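Heads up: the structure comes next, in structure tokens.
The values are calculated or read from the model by the stated rules, or taken from the named source; none is laboratory data. Bear in mind the structure is a predicted one, so any value in this text is a computation, not a measurement. Using ideal geometry, Cβ is built from the backbone for each residue, glycine included, and neighbour counts are taken over all protein chains shown. Note: areas computed on protein heavy atoms with side chains; ligands, DNA, RNA excluded. Shrake-Rupley method; radii C 1.70, N 1.55, O 1.52, S 1.80 Å.
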Amino acid sequence: MESKTLIIIYALLLFITIILATTKKTHWASIIGVAIFPIYFIWVLIDLGKSSTKEDKKQKVVDVMVGICVHNPDIFLEPPSNVKDTANNSLIENIQGASLSSDAKTAYLITQGAMSFTESEKQAKNDLPEQMNQFMKQNGFEPNEYEIQSFSEKLRDDIKVLWSIAIRKT
């Protein structure tokens, strides 16, 4: 092959890899691999096939998310200024492959009037399913169309958030 043809093929491989990286179909580091070893592009294509099928199966779209913040009774807390961002960050950190939908509804409640952290946490665990159910109905979501999951996030030794999420059934 002529050197001009090889350079054009090489440039096309780099260009395609850049496009795949910007669309998050491959890692940015793949550009370095293709730049140094053009044969590395074959791995990029294989990885592209694997990652897209795995992500499709693992992707969890959350339409509703409710959190109850449990804290020591002698601490005064206020809800975060942007509940949706706080919920999304917690979701990304704690549930692999999950993300809030663009029109997701979120709520953040803070426990009140408990005698101890343990009592407050116990009460929140009991209340969370009902709070989630009510919040979903208030916002026009049908609970039986969703898989409900829960997780907790420890912010400090005396502050914990119990989350409930509604994942779309596919």
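Could you tell me whether any residue of segment 63-79 is surrounded by 15 or more Cβ atoms within 10 Å (Cβ to Cβ), at pLDDT 95 or above and within 25 Å of THR23 (Cα to Cα)?
Yes, the conditions are met somewhere in segment 63-79.
Given SER116, SER120, SER102, which one is loosely packed, with under 13 Cβ neighbours inside 10 Å, among the small types (Gly, Ala, Ser), modelled with pLDDT of 85 or more and closer than 30 Å to ASN139 by Cα?
None of the others qualify; the one that does is SER102.
For ASP47, are the conditions met, namely being at pLDDT below 75, touching a helix residue (DSSP H, G or I) at 6+ places or on another chain (Cβ under 9 Å) and either under 19 Å from GLN96 (Cα atoms) or surrounded by fewer than 16 Cβ atoms within 10 Å (Cβ to Cβ) (or both)?
Criteria met by ASP47.
Look through segment 144-170, keep the residues that are open to solvent by 70 Å² or more (accessible area, probe 1.4 Å) and among the acidic types (Asp, Glu), and return whichever of them is farthest from PRO73 (Cα to Cα).
Among residues in segment 144-170 that are open to solvent by 70 Å² or more (accessible area, probe 1.4 Å) and among the acidic types (Asp, Glu), the one farthest from PRO73 (Cα to Cα) is GLU145.
Give segment 81-96 a look and list any residue that's in contact (Cβ under 8 Å) with a residue 24 or more places away in the chain and surrounded by 13 or more Cβ atoms within 10 Å (Cβ to Cβ), or say none.
Answer for segment 81-96, where residues must be in contact (Cβ under 8 Å) with a residue 24 or more places away in the chain and surrounded by 13 or more Cβ atoms within 10 Å (Cβ to Cβ): VAL83, ALA87, SER90, LEU91, ASN94, ILE95.
Residue check, PHE141 against (1) exposed (fewer than 14 other Cβ atoms within 10 Å of the Cβ); (2) in contact (Cβ under 8 Å) with a residue 60 or more places away in the chain, all met but one. Which one?
(1)
Name the residue, out of PHE135, PHE141, PHE151, that is in contact with a strand residue (DSSP E or B) (Cβ under 7 Å, 6 or more places away or on another chain), in a loop (DSSP other than H, G, I, E, B) and not β-branched (Val, Ile, Thr).
When all the criteria are applied, what remains is PHE141.
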